[in-house]
Amino acid sequence: ATLASGDRPSLDELEVVRAGAARRVHQHVSLESFLHAVRLQGRLLWEAIMQCTDHDVSAELQASLMIAGQLLEHVDLQSIAAAQGYMSELHNVWTDQELLRRDLLDALLAGDGESEAVRRLAHSLHLRLCSSYFVVMVRTDRRVVEDVADHMPAARGALRRIMDATRAQMHPRRV
């Protein structure tokens, strides 16, 4: 109906796509797979339109070409909504995990490592609690804004390498 009317997808329709993509984060479906499904839907709809088109009638061919443009715009808008919903939810998951880790670190630094709540939190993060810890502080020449930190994979990779090297020096037998 949207294609026939020439209207763009409604905000409600795009919200359904956005919410569906956000749910796929928790189902461990990749963004690429979800976007492939959006494109596949568009392709199947295009094939259905072409099957209904009488190729000998010029007006029907013109109409199907006009619908093709609208269909491409529709798929494009759905893809944008899906990517926005997926990435927003993924960012929320990353932020939640970072906050949980900060809560755990705060509790351990405060000496509350023996409490049941801290043990449950560590277990939920798949972390093994130990009797002693060491803290590594890293200072950069640039200010890191926390909301932007998730979009800095090079910095995260460098930090992981620093931590791996530190662990190797602290526990050479485990490496």
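What is the magnitude of the charge dipole of the chain about its Cα centre, with +1 placed on the Cβ of each Lys and Arg, -1 on the Cβ of each Asp and Glu, and no other charges, expressed in debye to the nearest 20?
Roughly 1420 debye for the chain.
Is the shape of the stretch 1-66 rounded, prolate or oblate, going by the alpha carbon gyration tensor and its root eigenvalues a ≥ b ≥ c, with a/c under 1.5 for rounded and a/b larger than b/c for prolate?
Judged from the Cα gyration tensor, the stretch 1-66 comes out oblate (a/c at least 1.5, b/c at or above a/b).
With the cut-off at 1.5 for a/c, could you classify the chain from its C-alpha gyration tensor as rounded, prolate or oblate?
Note, shape of the chain comes out prolate.
With the other protein chains left in place, how much accessible area per residue, in square angstrom, belongs to the stretch 1-99 at a 1.4 angstrom probe?
Averaged over the residues of the stretch 1-99, the accessible area is 64 Å².
Separation between the MET170 and ALA19 pseudo-spin-labels, each 7 Å from Cα along Cα→Cβ, expressed in nm?
A separation of 4.4 nm, rounded to one decimal place.
Ignoring ligands, DNA and RNA, what percent of the accessible area of the chain is carbon or sulfur (1.4 Å)?
C and S atoms contribute 57 percent here.
Got a sec? Which residues in the stretch 1-45 would a label at ALA63 touch, if it sits 7 Å along Cα→Cβ and we count backbone N under 15 Å?
1-6
As an exercise, take the mean of 1/r over every pair of distinct alpha carbons in the stretch 33-102, invert it, and state the Kirkwood radius in angstroms.
After inverting the pairwise mean of 1/r, the radius is 14.5 Å.
Using only helices, what value at 222 nm comes out for the chain when you add -39,500 (n - 2.57) per DSSP H run of length 4 or more and divide by the total residues, to the nearest 500 deg cm²/dmol?
Counting only the DSSP helices, I get -24000 deg cm²/dmol.
The values are calculated or read from the model by the stated rules, or taken from the named source; none is laboratory data. Because the structure is a prediction, the values reported are computed rather than measured. All Cβ positions, glycine included, derive from the backbone under ideal geometry; neighbour counts span all protein chains shown. All accessible areas refer to the heavy atoms of the entire protein, side chains included, with ligands and DNA or RNA removed. Shrake-Rupley method; radii C 1.70, N 1.55, O 1.52, S 1.80 Å.
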